[in-house]
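To start, the structure itself, in C-alpha cells.
The values are calculated or read from the model by the stated rules, or taken from the named source; none is laboratory data. Worth saying up front: this structure is predicted, and the values here are computed from it rather than measured. Cβ: placed from backbone, ideal geometry, glycine included. Neighbour counts: every protein chain shown. Keep in mind that these areas ignore ligands, DNA and RNA; they rest on the heavy atoms of the full protein, side chains included. Shrake-Rupley method; radii C 1.70, N 1.55, O 1.52, S 1.80 Å.
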Amino acid sequence: MASYVLFGLISAFPAASPSPPAPRNTIEPSYTYVQLDSGGRVQLVEYGDAVGQPLLVLHGWPDSLHTYDLVYPFLAKRKRVIGLSFPGFGNSDSPSVSSGILSIPGFVQVVKSVVKKLEIQSKFELAGHSMGSFVAWLYASKYPTDVESLILIDPAPTAHNHSSLKPLVPELAKLEKQVSVVPYSFAKAFQFSTFYNISAAPTWFSTQVILEAQKAPPYVWRALLHDMITHNRSDSLRYITARTCVLRGEHDNTFPLSDSLAVFHGLTSARFKTLKIIPSAAHSPIWDAPEDTARVMLEFLGSSESRRSDGKSTRVDSSLAISFLVGVGFVGLGAAIGGVVSVVGMAGLHLGKKSRVRGRVRGRMEGQMESRKERKVATEMTPLLCARVGSVRR
C-alpha cells in the first residue's frame, strides 16, 4: 500500500504522547499491486483512513475494482475502503485455466492471500456484488473469524437455473477460439443490460465499464460463468456467523428476488441479518444509485443495533413485501385478482419493449463493429444478448 507520513508534536516534555497518525486524503485513490502466494499479481485500490477498519469490496462478472468508482467517494468519507481486481480481470494478471484460480473457491483463496499480504490481523468488513457476492459469502463461511460484517449486493445461491446466462457458456467457448479480446459491442450489450437507466449514468463511467470488461480475456469470462452455473455451494451459507446485509436493486432482472430470498433464508447462523431494497436500481445498484447504495451500506456497518445483537436477529426492508408480491405475481403464484391483471399488462409491455430493444441492440452492434470477424461473432450472439436487455431502460 502507498506509504503515509506520521505527524507528531515536538514537545519539550519527555512524557508527552505523540499525536495519532494523520488520515490519508479520503477522496484520492492509492493504487498498488500485491503478489499472490499462488503466483501473479492483483491490482488493489485504497481510499480513506489507512489505519481504520478495512472494508474490502469485491467486484462482479466481468468487471474490475473500478466497478465501485461511483461509490468509493461516499464510502471513503467514513471508511477505509479497499478494492481489488480478481485475477484475469481489470489490470490484474491472467492465470491459466489449469491453475484452478478461475473459480469461486479459487478467488476465495485470492482474497485470503490479499488479506495476509496487507497484514490485516483483526476482523474486517467484506462486501461483494454479483459474482463478488458468491466469493464474499463463501469466504465468510470458510473463515468466519475473519469477517465482522458482510454485505451481499444482488447475490444468488447459484446461477444454475438462469436460462439467460447458461447459453452464453458455449458461445463464449466458441468466441475464445476466434478472438483474444471480447468485442466492444458484445461487452457493451452485456454491461448495459445490468443498468436500470443507462442515460442517468455519467458518460465516462458507462464507457469505462465496457472497457474494463474487455480487459478480461474470453476464456476468463467463460471459466467464471461456467463455475457459477455448474456449482451450487449455497449449503455453506449456514456457516456464516457475521452480521449480514443482503442488498438488491428493486428491478434486478439478472438474479430475481427469489435468489436474494434464498440467500437471506440460508443465513441460519448469522447473528444479525437484514434485507434492503434499492429503488430505481437493477442488477447494479452501485451504478444506478451509488449515493443511496453507499448510504444503506454505511448505515448497516454503523448500526449499533446489529452490532450489539447477541442472538439471532432478522430485519426485512418494508418495501420487500411489495416487491415480493410483484415477484410472486410474475411466476403465477399470486392470489390477488389485481395480480392477474398486472401480469397480463406487464407481459404485453415486456414483449413490446423486448422487440424494440432487439432492433436497437442489433443496430448499435452492427454500426460499431471494428472488423468483419467481430461482426460475424457478435451477430451470432445478438439473440442471446437481446434476451437479457429486454427490460433495460434507455
Where residue 98 falls short, out of the listed (1) small (Gly, Ala, Ser); (2) within 24 Å of residue 302 (Cα to Cα); (3) modelled with pLDDT under 95: (2)
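Rundown of residues vs (1) over 25 Å from the mean Cα position of the chain (by Cα); (2) surrounded by 13 or more Cβ atoms within 10 Å (Cβ to Cβ); (3) farther than 24 Å from residue 113 by Cβ; (4) at pLDDT below 95, yes/no style:
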residue: 2; (1), (2), (3), (4): yes, no, no, yes
residue: 23; (1), (2), (3), (4): yes, yes, yes, yes
residue: 55; (1), (2), (3), (4): no, yes, no, no
residue: 61; (1), (2), (3), (4): no, yes, no, no
residue: 66; (1), (2), (3), (4): no, yes, no, no
residue: 71; (1), (2), (3), (4): no, yes, yes, no
residue: 79; (1), (2), (3), (4): no, yes, no, yes
residue: 83; (1), (2), (3), (4): no, yes, no, no
Odd one out for residue 134, checked against (1) in contact with a Leu (Cβ under 7 Å, 6 or more places away or on another chain); (2) surrounded by 24 or more Cβ atoms within 10 Å (Cβ to Cβ): (1)
Residues satisfying the stated conditions in segment 238-255, i.e. farther than 17 Å from residue 128 by Cα and modelled with pLDDT of 95 or more: 238, 239, 250, 251
Selection from segment 85-124 of residues that are in contact with a strand residue (DSSP E or B) (Cβ under 6 Å, 6 or more places away or on another chain), farther than 20 Å from residue 147 by Cα and open to solvent by 20 Å² or more (accessible area, probe 1.4 Å): 91, 93
Single residue of 144, 155 found to be touching a helix residue (DSSP H, G or I) at 6+ places or on another chain (Cβ under 7 Å), in a loop (DSSP other than H, G, I, E, B) and surrounded by fewer than 23 Cβ atoms within 10 Å (Cβ to Cβ): 144
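If only one of 86, 107, 74, 134 is among the hydrophobic types (A, V, I, L, M, F, W, C) and not in a helix (DSSP H, G or I), which one is it?
Numbers: 107 fails: not in a helix (DSSP H, G or I); 74 fails: not in a helix (DSSP H, G or I); 134 fails: not in a helix (DSSP H, G or I).
Matching residue, one of 86, 107, 74, 134: 86.
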Cβ pairs under 8 Å, 6+ apart, first in segment 212-240 and free of Cβ contacts under 8 Å to residues at least 60 places away in the same chain and under 20 Å from residue 67 (Cα atoms), second buried (at least 23 other Cβ atoms within 10 Å of the Cβ) and of a type in the set (Val, Ile, Thr): 214/182; 218/182
Among (1) without any contact (Cβ under 8 Å) to a residue 12 or more places away in the chain; (2) open to solvent by less than 10 Å² (accessible area, probe 1.4 Å); (3) not small (Gly, Ala, Ser) - the single one residue 170 does not satisfy: (2)
